[in-house]
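The values are calculated or read from the model by the stated rules, or taken from the named source; none is laboratory data. Note that the structure is predicted; figures quoted are calculated from it, not measured. Glycine also receives a Cβ, built like all others from the backbone with ideal geometry; neighbour counts cover every protein chain displayed.
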Amino acid sequence: MDFELNEDQRILQKSARDFLKKECPKDLVRNLADTDPGHSTELWQKIAALGWMGLLVPENYDGIGWSFVEQAVLLEEMGYALCPAPFISTTILGAQTLLMSGNEDQKRGILPNIVAGDLILTMALTESDGGCEPSALNLMAVREGDKWVLNGIKLFVPDALTADYILCVARTGDNSSPEKGLTIFLVKTKTKGVNIAPLKTISKDKQYEINFNNVCLKPENIIGPVAGAWPAINAIINMAGLARAAETVGVMRAVLEMTVAYAKERVQFGRPIGSFQAIQHYLADMWVDILGARSLVMKAAWKLATGRPSDKATGMAKIMVGKAGRKTTTTGHRIFGAISFTMEHDLHLYHRRSLANDPTLGNSDFHYEQIAAGLEL
Amino acid sequence: MDFELNEDQRILQKSARDFLKKECPKDLVRNLADTDPGHSTELWQKIAALGWMGLLVPENYDGIGWSFVEQAVLLEEMGYALCPAPFISTTILGAQTLLMSGNEDQKRGILPNIVAGDLILTMALTESDGGCEPSALNLMAVREGDKWVLNGIKLFVPDALTADYILCVARTGDNSSPEKGLTIFLVKTKTKGVNIAPLKTISKDKQYEINFNNVCLKPENIIGPVAGAWPAINAIINMAGLARAAETVGVMRAVLEMTVAYAKERVQFGRPIGSFQAIQHYLADMWVDILGARSLVMKAAWKLATGRPSDKATGMAKIMVGKAGRKTTTTGHRIFGAISFTMEHDLHLYHRRSLANDPTLGNSDFHYEQIAAGLEL
Amino acid sequence: MNLDFTREELDFRQEVEEFTRRELPPNWDNQIVFWPGGYGTIPIFETEFQEVAKEFSLKLSGKGWARLAWPEKYGGEASVMKAAIVGNVLSYNRAPAGGVASSIVAPSLILVASEELKKEFLPKIADGRAGFWLAYSEPNAGSDLAALKTTAVEDGDDYIINGQKIWSSGAHVTEYAWALVRTDPDAPAHKSATLIIIPNNASGVTIKPIVNICDIHSFNEVFFDDVRVPKKYVVGEVNQGFYNVMLALQFERLTIGSGSFRRVLDELIQYARENVRNGRPLSENNQVRRALVDMAIEIEIFENFYWQSVCMLEKGKVPEIEASALKLVFTELSVKLANTAVDILGPYGLLDKDSTRAPFGGRVGIGYLDSISGPIGAGTSEIQKSILATRGLGLPRQ
Amino acid sequence: MNLDFTREELDFRQEVEEFTRRELPPNWDNQIVFWPGGYGTIPIFETEFQEVAKEFSLKLSGKGWARLAWPEKYGGEASVMKAAIVGNVLSYNRAPAGGVASSIVAPSLILVASEELKKEFLPKIADGRAGFWLAYSEPNAGSDLAALKTTAVEDGDDYIINGQKIWSSGAHVTEYAWALVRTDPDAPAHKSATLIIIPNNASGVTIKPIVNICDIHSFNEVFFDDVRVPKKYVVGEVNQGFYNVMLALQFERLTIGSGSFRRVLDELIQYARENVRNGRPLSENNQVRRALVDMAIEIEIFENFYWQSVCMLEKGKVPEIEASALKLVFTELSVKLANTAVDILGPYGLLDKDSTRAPFGGRVGIGYLDSISGPIGAGTSEIQKSILATRGLGLPRQ
């Protein structure tokens, strides 16, 4: 048993940290947050050059073929830097879905381009219900001759405006149970009938509403089995949820660091506020939360990496980190006081991110039920 | 609008406080806790002499005819003193049920004796399920000729061994819904077939298991409508739950007082521990909880007193005070440290009581649902 | 004990409710965001709502409802209860009203100021011509007001004021600063602070906007460079500023939007009934039900504290400790309510006010951001707990 | 990174599991109460279980499992991991084992004591003949160990010891005190404390029982009146006692019943599946489901922290900060688990161990009482947080 990162992982961590410190300063984060689509092609290309997009992609599709452990290490650093890139959308929602369900042609056609930084992908899952349980997924794809026609609205699609392809989850029949009848379609963003509109969020991440209006697709646009996509979708929700959690651990670490530094400096009542017991205990709690959060994320990542059953572990990470992330950034604001309540200060950027990562890609009902099932409750 | 007690209420409060200080010292509390039935006839007679048993009983049955506001004032003092008497059992579970549902003969026959301190009553409600929702109440009373025959087991019956009469809730038919078909029987404890066994509790309150074995009762033993008792039972659960909450407020107040006194005295690291911010904030939180708890109790009591709809208010008091009581006594232990982890110290007596008052007479599911209904959820 | 309003009070409440619904601009609710207990989303501090606010405030004054709590001698009805009813109804409706002029400045003036000052300011406050902002906080004097550095030096009949204030809510939309300054640099702060009125338009006053994290300009930084203020603008006695500020705190605590908590609860309940998650109405989701009940209980407690303080003031008592408990409870409740709301809304809670899909016009997401301001503004939660522990429970100071 | 046990470790665990199930008295679980993270219900401290405990401990020793973590030189296998596996399995089964002799005293002796002391005590510890109790706390030295008053005065080849210890777990069922005493009354405590072994049967040692709130005699008050102890019983250097105690803490943190948390979770899950409330299985009650999932998550975190510390020690690293986090987490978890359990059991949670109706032999109700001892024993939660903040995060001391 060994909880420590190996040398390759530590090198990845260090290089990601150094790279992001240089290439992803807070100015860039702010600029992209305030624009639409909020994407820097330059940053994306640099990331691609580092091989990050191919980290989880096997070598035969030009990737590095590493595991979720390395992906989690990387994502913590991206969260720490608040890196504003469609990275989880592309590498998990996109590439992992293709790897899991795509046929060889589909994989060969797309994965190398993702690795090269030439294609951005996302998934259109959630609808008006706001959740991602099967019963909440009702956009219809109807077979007409040799075509499939999609009609309906998807919400909270991340990075849709930057994406080249959208993996759209649609219902194609078999209504025997909500889990049945779901199919994944690969939709080019530029396809006729695909209308994308921004859903402006206070988290300033890039989420969109997509209206599919008589979008015609061919059978080769189907990824995986017709009416049998739920197992893959479920796996993707878990992976992407874990990725968000990993990112949030980085957010939490950044907030702890900046808050500790401030508490050492800021003087009130003649002494640094960090010498007050109440502040010390807040910070100790934050730290213990971070250690706990990271331990859950890494364990789930390791289970995914080693092919062990992992739904319970990813759910635990998603739920705990979702709560702890919000608590940590909130406590950060409490310690910083009024100065952090200004747009000028950076703390709110982390506060927004920690909120955004919580209710999406498996809300707490979804993951609680999954864990409860895992506990045989 | 006036949140203050009136002069009569303040006199009651003061006299109860003085009386209990003198007549209910901790030695007595400890002695009764460690014995069975754990009842002091002497104390009970003194309480009766003060008129407490008749506080809620109208004057035409020899009572004082005061309201739930005064009852709550009194119960807070009884909780403060940890007064070990079958007071809630007799005055609420017993007398209030009779007042609400009994016929004139039944009232005249029993209420004056309760007021005089000559009769102790209780109610047998909960069964193996542990809850008090209608679906959990299944002990059967079967009509045989002009008799009713009870068979079954009741659990968590408070003060049964001291009681002269038990109001037993039984199912007499009409299975159209769980609420229907419930009837209240007045059972003399000495009746043949009534077997009472103690359920030893860590809270050291007096709870019993009663086995009704072919207990034969006459129609005049029925209190209120046959198969229509649920509304009365529901009202009694709420009143008794509120009474428990009122008692717990007193428990909390006592714990705050003793803990504040200790925090001023106990020196560690060269200063009173009450000067440490962590301790101060624990105590401030305790205090705010007590103020909040009392405000809910008094509001619910006032609603009952003035005949307003009160289920939502009593439920709020029961839920909040149940939690806050446990939190307060737990925090008390935290501040006192190891010294309070001994049998010799008094604090655990309060800790036990705050726990005992929480899950009985309407557990949180019961009251949450009741409040949710009140909120039109 | 009587926890209900009188018939007269209920009638008055209804009158205020009808007035408010009638006089608020149509669609007002969808134009503004306002989060209970937060300091960043108060509409009267926003430039774009000034016109509406002034107009509404004139109408309120016309009713005499801006000075209900003042003594009859100064045109009031000496009824804290009626003032609280007005505040409660207005805040339930998120009306652009309130402000410190009538709730803090006026009562303080009445208690400690010279007749001359009262004559000059009370009428202007009553009809909304004199708006005030609280000039207490400085960059290095937040929780620790004793670290105050802004100075007032005597010069003939005037004081010359130099220094910097911060977190100055509404300085950009009001006329006067209600300022705490140091009049004796050698004495400790609690014996050297003085309360003084500084006109915003005095020469040497510079007001710079601060945009808060809700993307709203409500705060300012204010610089005083050799600002000359006549001595007669001193409120109460010189070097008694700390005392006078503490005196005002009891009023300040009642200026909270007492009705706004219940409004959010009502809205969330309605939302839960009307919206579906995972195929079922949210109102049937046990987590949602419990969370809303928990909020209902906490709001009930808050309201009990609120009306209890009102009753104390009505009887001429000073709710000092109660005011601390009230501040602590309502700002922490603000955070819990915001967290509950985003939990219930799920991803919809992230939507900003410009989003057509946003429930409640984006109030919940922005409220989540704003809610952090409650426990850190106007005496942090930690300060309130220390006050409760030391002044209330008599624990030794650190 | 590899978070699994090796094949060899899994085999070893299975061997320990089989051993434990075989060697525990039949119906053991129903005879004892033991609450994870509490200090009041540890069976080895109870007089009535001494015979079983001694017998079990001899069998453990026979396997060599009492000294797995010791260096090979002293008969061990230098494997903290294997020792932790034994501890984990034993505590899952609530076995009467553990004790500070093998987990704290022996490693400390090995690190700092004279060869003479090692030779005298290690063999006796290994086969269970020498039991120890920790004599640190005094009536006025709880969290503040520096207030230590028990003195040791030189007298020829001996020390004469006078003073009083308290919260002495198991002093009545062991043979030796592992005592912190003051050897230099003029120096500050951290330069004047010495660690010394005091035989319980020495003349002048008086042990008085303290009954804890679980109605169990596990603690004692111990009085030393002119107790004569040979100087050779000093452990490590004179006046270095504080340092030596701190050194021992890293081991102490791993003596917790690491398996006992999961055991309770497993039992509660089974209970929820098999019992009905309000006409439905408890396992279908959303509150119960959520509460158990929350506990499962916290137990998972605790276990991560635990095995991470084990791995650090296995690599020869000192988990100082990690040990504080671990102590904080598992004792607070103890409280949460107890509260969750009583919430799930409802009124059944109140039943004492003598009640035939009590689920789990009354462990839950007694556990609720015991759980308060975790955060106040062996360095309070508040002390651990301060250690994390100052030694871990580098915040200034008060």
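Tabulated results
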{"read-out": "Only one of A:LEU256, A:LEU296, A:LEU304, A:LEU291 that is more than 27 Å from C:PRO139 (Cα to Cα), assigned to a helix (DSSP H, G or I), of a type in the set (A, V, I, L, M) and in contact (Cβ under 8 Å) with a residue 60 or more places away in the chain", "value": "A:LEU304"}
{"read-out": "Tally, over segment B:207-253, of residues that are assigned to a strand (DSSP E or B) and closer than 27 Å to B:ASN357 by Cβ", "value": "7"}
{"read-out": "Members of segment D:113-149 found to be part of a helix (DSSP H, G or I), without any contact (Cβ under 8 Å) to a residue 60 or more places away in the chain and either crowded, with 19+ Cβ neighbours inside 10 Å or not assigned by TED's automatic domain parsing to the domain that holds D:GLY170 (or both), listed by number", "value": "D:GLU115, D:LYS118, D:LYS119, D:GLU120, D:LEU122, D:PRO123, D:LYS124, D:ILE125"}
{"read-out": "Only one of C:VAL318, C:VAL335, C:VAL329, C:VAL364 that is within 9 Å of chain B (Cβ to nearest Cβ) and either in contact with a Cys (Cβ under 9 Å, 6 or more places away or on another chain) or β-branched (Val, Ile, Thr) (or both)", "value": "C:VAL329"}
{"read-out": "B:THR97 being outside the structural domain of B:THR360 (by TED's automatic domain parsing), closer than 20 Å to B:VAL321 by Cβ and buried (at least 18 other Cβ atoms within 10 Å of the Cβ)", "value": "no"}
{"read-out": "First in segment D:276-298 and assigned by TED's automatic domain parsing to the domain that holds D:ALA338, second anywhere and basic (Lys, Arg) and assigned to a helix (DSSP H, G or I), Cβ under 6 Å, 6 or more apart", "value": "D:SER283/D:ARG273"}
{"read-out": "Among the residues listed as D:LEU395, D:LEU350, the single one being buried (at least 22 other Cβ atoms within 10 Å of the Cβ) and within 11 Å of chain A (Cβ to nearest Cβ)", "value": "D:LEU395"}
{"read-out": "Which listed residue, of D:SER324, D:SER355, D:SER260, D:SER309, is hydroxyl-bearing (Ser, Thr, Tyr), in contact with a Ser or Thr (Cβ under 8 Å, 6 or more places away or on another chain) and within 30 Å of D:GLY392 (Cα to Cα)", "value": "D:SER260"}
{"read-out": "Residue within segment A:347-358 that is out of contact with any Ser or Thr (no Cβ under 9 Å at 6 or more places or on another chain), more than 27 Å from A:GLN370 (Cα to Cα) and at pLDDT below 95 present", "value": "no"}
{"read-out": "Qualifying positions in segment B:215-253 - small (Gly, Ala, Ser) and in contact (Cβ under 8 Å) with a residue 60 or more places away in the chain", "value": "B:GLY224, B:ALA229, B:ALA232, B:ALA235, B:ALA240, B:GLY241, B:ALA243, B:ALA245, B:ALA246, B:GLY250"}
{"read-out": "Some residue of segment A:359-377 being under 15 Å from A:ILE202 (Cβ atoms), of a type in the set (A, V, I, L, M) and at pLDDT below 95", "value": "no"}
{"read-out": "Yes/no for D:SER260 being crowded, with 19+ Cβ neighbours inside 10 Å and touching a Pro at 6+ places or on another chain (Cβ under 6 Å)", "value": "yes"}
{"read-out": "Qualifying positions in segment C:1-18 - within 13 Å of another protein chain (Cβ to nearest Cβ), buried (at least 16 other Cβ atoms within 10 Å of the Cβ) and among the aliphatic types (A, V, I, L, M)", "value": "C:MET1, C:LEU3"}
{"read-out": "D:ARG21 being away from chain A (no Cβ under 14 Å), under 25 Å from D:LEU337 (Cβ atoms), of a type in the set (Lys, Arg) and surrounded by fewer than 17 Cβ atoms within 10 Å (Cβ to Cβ)", "value": "yes"}
{"read-out": "Members of segment B:335-354 that are among the acidic types (Asp, Glu) and at the interface with chain D (Cβ under 10 Å from one of its Cβ atoms)", "value": "B:GLU344"}
{"read-out": "Some residue of segment B:315-333 being within 7 Å of another protein chain (Cβ to nearest Cβ) and touching a Cys at 6+ places or on another chain (Cβ under 9 Å)", "value": "no"}
{"read-out": "Qualifying residue in segment B:135-148 (condition: more than 17 Å from the chain's Cα centre (by Cα), within 14 Å of another protein chain (Cβ to nearest Cβ) and not aliphatic (A, V, I, L, M))", "value": "yes"}
{"read-out": "Residue within segment B:187-196 that is assigned to a strand (DSSP E or B), closer than 30 Å to B:GLY38 by Cβ and touching a helix residue (DSSP H, G or I) at 6+ places or on another chain (Cβ under 8 Å) present", "value": "yes"}
{"read-out": "Condition met for B:ARG352 (in contact (Cβ under 8 Å) with a residue 24 or more places away in the chain and either crowded, with 21+ Cβ neighbours inside 10 Å or aromatic (Phe, Trp, Tyr) (or both))", "value": "yes"}
{"read-out": "Close pairs (6 angstrom Cβ cut-off, 6 or more residues apart or separate chains): more than 14 Å from every other protein chain (Cβ to nearest Cβ) in segment A:1-21, of a type in the set (Lys, Arg) anywhere", "value": "none"}
{"read-out": "Selection count where residues are farther than 18 Å from A:ALA160 by Cα and out of contact with any Gly (no Cβ under 7 Å at 6 or more places or on another chain), scope segment A:112-125", "value": "2"}
{"read-out": "Segment B:355-374, residues that are within 11 Å of chain D (Cβ to nearest Cβ) and in a helix (DSSP H, G or I)", "value": "B:LEU355, B:ALA356, B:SER364, B:ASP365, B:PHE366, B:TYR368, B:GLU369"}
{"read-out": "Some residue of segment C:293-312 being farther than 26 Å from B:ASP365 by Cβ and away from chain B (no Cβ under 14 Å)", "value": "no"}
{"read-out": "Some residue of segment A:150-161 being more than 14 Å from chain C (Cβ to nearest Cβ) and β-branched (Val, Ile, Thr)", "value": "no"}
{"read-out": "Unique match (being surrounded by 20 or more Cβ atoms within 10 Å (Cβ to Cβ) and more than 30 Å from B:LYS303 (Cβ to Cβ)) among B:THR191, B:THR183, B:THR162", "value": "B:THR162"}
{"read-out": "Tally of residues being of a type outside the set (Gly, Ala, Ser) and touching a helix residue (DSSP H, G or I) at 6+ places or on another chain (Cβ under 7 Å) across segment A:197-243", "value": "10"}
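Quick grid of which residues meet (1) within 14 Å of chain C (Cβ to nearest Cβ); (2) among the polar types (S, T, N, Q):
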| position | (1), (2) |
| --- | --- |
| B:ILE210 | no, no |
| B:LYS218 | no, no |
| B:ALA240 | no, no |
| B:ALA254 | no, no |
| B:THR259 | yes, yes |
| B:ARG266 | yes, no |
| B:SER275 | yes, yes |
| B:LEU291 | yes, no |
